[in-house]
Amino acid sequence: MRKLAIVALIICAAVALISLTACRQNEPQTREWNLSGMNCVACEREVRSILEELGVTVTNLSAQNDNVQFEFNPRDVSEEEIIQALADGGYHIVN
């Protein structure tokens with residue numbers, strides 16, 4: 001009987017962990033990256049456009065500081081897709 005209770009507890013813990021992981025994958029994620037190649041206001045507009053096409057919300061963008069801050073939902077777009085889209089536009093993460 002005791003072994004059955006332990007097994008039931010382990011199963012409950014596993015289900016809770018899986019549920020927590022699934023919930024986190026649906027939560028918006030925030031990132032701050034330094035980008036090479038973003039040198040002017042036109043570059044800022046291009047970076048913003050690239051990110052917004054992916055459904056990413058830009059919260060701060062500065063060519064002067066080579067910095068972009070944004071939020072995204074991993075359910076909608078992966079971090080790898082964001083990195084690739086920026087690279088395709090000529091912008092690369094330097095941090």
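The values are calculated or read from the model by the stated rules, or taken from the named source; none is laboratory data. This structure is a prediction, so every number in the text was calculated from the model and none was measured. Please note: Cβ atoms are built from the backbone with ideal geometry, for glycine as well, and neighbour counts cover all protein chains shown.
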> From the residues in the range 48-66 that are assigned to a strand (DSSP E or B) and hydrophobic (A, V, I, L, M, F, W, C), which one is nearest to residue 80 (Cα to Cα)?
Replying inline: 58
> Would the range 73-94 turn up any residue that is in a strand (DSSP E or B) and either crowded, with 16+ Cβ neighbours inside 10 Å or among the aromatic types (Phe, Trp, Tyr) (or both)?
Replying inline: no
> Within the range 25-46, which residues are closer than 11 Å to residue 72 by Cα and either basic (Lys, Arg) or at pLDDT 95 or above (or both)?
Replying inline: 29, 30, 31
>> Please go through (1) β-branched (Val, Ile, Thr); (2) surrounded by 10 or more Cβ atoms within 10 Å (Cβ to Cβ); (3) modelled with pLDDT under 95 for residue 21 and return the number of the only condition it doesn't satisfy.
In response: (2)
